[in-house]
1. Once you treat every alpha carbon in chain B as an equal point and sum by Debye, what is log10 I(q)/I(0) at q = 0.05, 0.06, 0.09, 0.11 Å⁻¹?
2. Highest first, please rank the peptides C:65-75, A:97-107 by the mean number of other Cβ atoms sitting within 10 Å of their residues.
3. Quick one: give the max-minus-min coordinate of the C-alpha atoms of the range B:420-553 along each principal axis, largest first, in Å.
4. For the peptides B:628-636, C:51-59, A:135-143, A:2-10, what is the packing order when you average, over each peptide's residues, the other Cβ atoms within 10 Å and list the highest mean first?
5. Mean-square fluctuation check for chain C, GNM, Cα pairs under 10 Å: which of C:Tyr105, C:Tyr17, C:Tyr143 is largest?
6. On average, how much accessible surface per residue is there in the range A:174-283, in Å², for a 1.4 Å probe, leaving out ligands, DNA and RNA?
7. Which of the aspartates and glutamates could a cross-linker bridge to A:Lys50, judged by Cα under 16 Å and excluding same-chain residues fewer than eight apart?
8. Other chains near B:604-612: what is the mean number of their Cβ atoms within 10 Å of each residue's Cβ?
Amino acid sequence: MRPFHYRAPRSLDEALALLTPQAVPLAGGTDLFLKMERRQTQADTVVDLKRIPELGRIEAADGGVRIGALALMDSLGASSLIAGQYEALTRSARVVGSIQTRNRATLGGNLANASPAADTATPLMALGASAEAADATGTRQVPVDQLFLGPGRTALRDGELLTAVLVPALPARAGSAFQRCVRTAMDIALVNCAAFVRLDGDDPDTVAEARIALGAVGPTPLRTASAENCLTGARLDERVVEEAGECAASDAQPIDDVRAGADYRREMVRVLTRRAIWKAFRRARGEA
Amino acid sequence: MRVVGQELPRVEILEKVTGQSVFGADVLPGDRVLAGKMVLSPHPHARITAIRTERAERLPGVKAVVTAADLPDVRYGRFVRDEAYFATTKARYAGDRIAAVAAVDEETAEEAARLIEVDYEVLPSVTSGLEAMAPDAPLLHEDYADYWSQPDLDRRGNICGHKQIVRGDVARGFAEADRIFEHRFHVPMVHQTYIEPHTATARFDASGKATVWASTQAQFPLRAAIAQVLRMPMTKVRVIPTEIGGGFGGKLSPTVEPAAVALARKARLPVRIVMSRSEDFQTTNPRHPFHLRYKTGIKHDGTITAREIEVVLGTGFSAGSGVMISQGAAVRAPGPYRIPNLKIDSYCVYTNTSTCGAYRGPAGPQLAFASESQMDIIARELGIDPVEMRLRNAMVDGDETPAGAPLEDVHAKETLLKAAEAMNAVPKPPGENVGRGMAMAHWLVGGMASSAGVKLNEDGTVAILTGLVDLSGASTSLAQIAAEVLGVSLADVHVRTADTDFAPHSTLSAGSQALKSMGGAVLLAAREAKRQIQQVAADKLEADPGDLELDGNNVFVKGSPERSVTLREVGQMALEHERGPIVSTQSVSRLTPHPAMAAHAAEVEVDPETGHVRIHRYVAAQDVGTAVNPLSVRGQIEGGVMQGLGQALSEACTFTDGKMDNPNLLDYKIFSALDAPPVEVHLIQHPCASGPLGAKGVGEPPIIPPPAVMANAVFDAVGVRIHDLPITPEKIVKALKAKRPA
Amino acid sequence: MEPPRIRITVTVNGEPYQEDVAATRSLLDFLRNDLGLTGTKEGCGEGECGACSVILDGRLVDACLIFAAEADGRRVETVEGLADGEALHPLQGAFATAGAAQCGYCTPGMLMAGKALLDRNPSPTHEEVAHGIAGNLCRCTGYGTIIQAVMEAAKES
C-alpha cells in the first residue's frame, strides 16, 4: 500500500478543510481499503470521518428521515425510523454483505463508492431521496437518481463531501419493496430492483405514482421510465405488472461478466421488477 | 471396544479453541523474518526472452532475488519430468514462477517484485483439455519426447498420458442391449479453497541446513521435493509441518517452499512467503476439469450390458499427479456397478493452467456426475425406479474392478437402500417444482508406507510418535487405537506429529488412507508394546505372558484380576528388566485396497423464474467400516457433502484468454452457513477386513455424489437436465426457456 | 515519502497498549505482528472469509479491512481474550464437544462471531445463528456442528 497521512477530524468543518484533491474521505473503509491496497487511488491523505458524531445520526426531519452519511448499514437495517416506513431501504441495508461488513460499511460510503450494484442506491432512488453534499462554501442537495455518473463516478465536486441522505416522508397509500438476485447468500447483487408505488386516493387498485430503480444492469443504478409510465394511472393486474417487467427489462443495459450473463440479468430484471411491484403494491394497501 | 467407537473431542482441541495452535503464518523462527514474494507470469503462454532483476536488487530493503539462475538445472515430476521450479525460456500458464524476492517488509517485497522486468513474446494458449488434444492446438512442451517419463504412458503432443481399459467385448455388449444411451458432460476446474492459504517459512543455518515450516499434507514428499529442486541431501532439509488450516489435497505438492529456502540461503536470514488468496487460487493444484462421454447399453429390465467411456482431463502445464489420477479415473469410471463389457479411454492433457492436483476424491465427482446423471436419465427413459436400477447392477463382494482387482467388504446395496429409506421416511411435500434425486459412488482406499512408534512412559502413560500430519482428526483416532490395545483411557495417550528429522516415515494425509495406513502401523506397534508389557509383568506376576490382560491402566491375570500390576509399575520395572524400556516401532506398506461406498439423496425446490435451488433435505449414507471416532467421521461426511454441493451448484474456476476470471472469494462462490442445508448422516458399520480394527477410509466418498444428486433432483423438480457443472440458476433458467414452447 | 506513523492507544482483551504504527498498518497486522496475538487469522485479506473477525467496540468486524489507526481509543476483543484464565468461555467448550472445529483455522473468527451474536441475542434460533456466522467461511465442517455449538453455548451462558 502507498504511504499516506491519516487524519481523524472531530468536526465537519475540520474535515472539509482537510479534503484537498490529494485527500480521500474514509467512512467504513470496506471498499476504500482494498482500493488503496490495489493502488487504485493516488491519495496521500486519508480523512477518517468516523470521529464526527453528527455524521452518524439517523433522525426524523420534515416528516421524513435524515440519515447521516456515516450511519452504519447495521444501524440502518435496525432503525425503527426506517423500518415500517421505507421497507425497501430496510431490506437492502440488511442484505449488504456480511455482519462484519454491515458493522463497518456506511450509507454514505455505499453511495459515494458509486458501484452499479450498490444495494442501497436503488431503494433511495425509488423513495425519491436526495444526497446532501457539503464543502467549505456551503451545502447543496443532489437527488440520488442524479448522483451517479458512471462506475465509481458521482456528481460530487472536488472537495465536496456527501454528508447525509434525506428521504422524504412516505405519502399515504404508498409502499416500497426491494428484491435482489444473487449466486450464493453472501454475494454482490447480480441484479437488484427497488419499487415505490403510491395508490390513487379513490381507487386502491390504481397506481397514482411509481418509481422503479434497477441495479447492476448498467454503468450506474438507473430508473426505468418506461416501467414507471406503464404503471402510472393503471389499475394493477397481472398483465400490467408483466408489461412493467418487460419495460424494465428493455430499459436495462446489462453486460456479460464473470458473475452472470446479460441475458440472465435482463430476465431477472423482468422477474424482480414484477415481484417488487407486487410487494410494494400490497404494502401500499396495508396488506403486508 | 472401550475407546474405539466413542465420540471423543480431538486431542488438540484446546489449542484450537483458544487460538494457540501454530499455523503456517504463525511460526516465529527468530526476531527477524524477511517477507518473500513470488514474481509470476501474467501470460498464459509466452516465450521469455529476458529477465532483468537489477532494479529490484538495488531497491533499499531488498535482501535477495532468485531466479532459475540461482537453482540447479533440475526437471522433476513423478510420471513425466516436465517441470522446472522457475520458468526459464517459456511461461506455460498465468502464474508460472519467474522469480522470487525477499525484503525487510511486505511493501518493499511487493515493490521489488514489480521492478523485475521480464520480456515476453506472447504465444497462443489453450485452457480446455479437449481443445488441447486437437492437432493444431498450441503445443505446451515442444521437447516432450525428450523428457524422461515412466514407461507405457503413450504420450503424443499435449497428451501426456493415456490409459485404456478393455474388459469383455463392448461391441457384443451393445449388440445385446435393448437401448443404447450416449451423453456428454463437462466439469470445470474447482479449487480446494482451504481457509489458510499456502505459506512457508525457511531458515538456512551455517551448517548449510534448511529448516522449513510449512502448511503441508505431505511432509516427507515435500522434503524430497525441496532436496531434489535444490539438489541437497535429505539430511540437510528439515520440514516441520505446522498445524494445517485445511488441505483437501491442495497441499500435497511443493509451491512456495523451494523459493523460501533459496531466498533464505541467499539472504542469510529467515524468509516467509504467504500466498495472497489470488495467488493461491491461480498457482496451486485444483481439481482437474473433465470432459466426459458415456455410452451405455442396457436391457429393458435395467441390466447394463456395456459401457464405453471417454474422459479427458486437463492437467495444467505439467503432468503432476494428473497421470495417476487419469489412470485411477479409468478404474472408477463405470461406477460401483458390475458391467461385463467395458471400454474406457482416459486422457491426461497439458493445458495452460496451473497443474491440477489431487483435490479430495480426485476424479470422483466428475465421473459420478456423468455416470450417475446418466443412470438417472436411463431409469426415467425405461420407466424403472432409479434405486431399483442401481440395485440390479450394483457390485457385490467377489466382483472385480475394471483393472481386475478383487473387491471385498463392498456393501453397495445396503448403503444405497439406507439412503433411499432415510429420504422416503418423510413424504415429499406437495407443490410444484419440488424434486428428489439420488446418486451412489465408490472410492477405492489404498494404503501407503507408514511407520509409528509407541512407548510406555515410566508413569504408565503412553506416547505415540508419527510423522502423520493431522488433517482431519487422525491423531485422535490413532490415540484411540493405542488406548484400546493398551487398556488405558484417551487422556493417558499422548500423540505427537514429529518433523522429518525425528519421525519415522509417514504416509501423506490424503486419499482417505491416512488412518488405514498409520492406524495400521500404530495398531501393530501398540500390540508389540503390549507384548513387551506382558513379558515384563509376567515376571512380576509369575504368570504366563499370554494369560495377561490389559485394562484400566492395569495388567492382570485372566480370571484373577486381584493378581495385577499397574502400567506405572510396569513402566518403571521395564527400566530394570533385562529387556529394557518398552518401545516399539512398526511399519506397514502395500495394504490391500478396499472400496468405500457413499449413497446420497436430496430434496430440492427450484424457483422456476430465478433458477434458484433451495435444498430442503440432504441424506448421506456411508459405509465406514468401524467408525473409530464417530464425531470425526460424521464431521468429515458433513464437510465433504458441503464441498460437493458447492461444486454442484456454485463453484468453478473460469478463464478468459487464459487468465482466471475469479481468483477471489467474492466471485469463487463457496457455501456460507446460509447456503448450507442440514445433512442427515447415516453410518453403515461393518468391520472391514483390511482396515485397522475394521475402519474404512472416510474423507473422500462424501464429496463425490453431490453434483449428480443435485442434477437428478433438479431434473425431478423442473424437468431440465444440466450436463455442465455447476448447476447455476442461470443455466436452469436458460434450460427452462429452451424447453418452453415459444 | 517516508511512511507516516501514528501513535495509537488500543485496549485489547482488557489490556491497554500504546504503539507507534504506520498509517498503512491494518488492525489485523497490528494484532498479529505488533502485539503477537496470532490467534486471529488471515484467510483472504478482502473481507470475504471472516477468519480475521474480532470485536471492535462491541461490533464484529473484519480486522483485515481496518487501519490500526482507526482503532485508536477503542476496545478490541480477540480469541485470546475469550477464556477467563483456565476457564473456557462456554462457546469454546461447546465448540470442543460438538466437533465444531476441524482444521481450526476459521475457529477463532467463528468464536468471535458467535460471541458477538450471543452478546446481542442470548438465545438465538438456528436461523439467527446461521445469519450470525454467514460472514465466516468454513471449509471443513459444513457448518452444522458450528451452529449446534453456538446454540449449546447459548443454553449454558
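1. -0.27, -0.39, -0.85, -1.20
2. A:97-107, C:65-75
3. If we take the Cα atoms of the range B:420-553, the spans are 76, 36, 24 Å.
4. Per-residue Cβ counts within 10 Å, averaged per peptide and sorted highest first, yield B:628-636, C:51-59, A:2-10, A:135-143.
5. Highest fluctuation among the options: C:Tyr17.
6. Details: 3780 Å² over 110 residues.
Per residue, the range A:174-283 has 34 Å² of solvent-accessible surface.
7. Here the aspartates and glutamates satisfying the reach criterion relative to A:Lys50 are A:Asp13, A:Glu14, A:Asp31, A:Asp74, C:Asp57, C:Glu70, C:Asp72.
8. 3
The values are calculated or read from the model by the stated rules, or taken from the named source; none is laboratory data. Here the structure is a predicted model, which is why all the values come from computation and not from measurement. Please note: Cβ atoms are built from the backbone with ideal geometry, for glycine as well, and neighbour counts cover all protein chains shown. These accessible areas exclude ligands, DNA and RNA; they are computed on the full protein's heavy atoms, side chains included. Shrake-Rupley method; radii C 1.70, N 1.55, O 1.52, S 1.80 Å.
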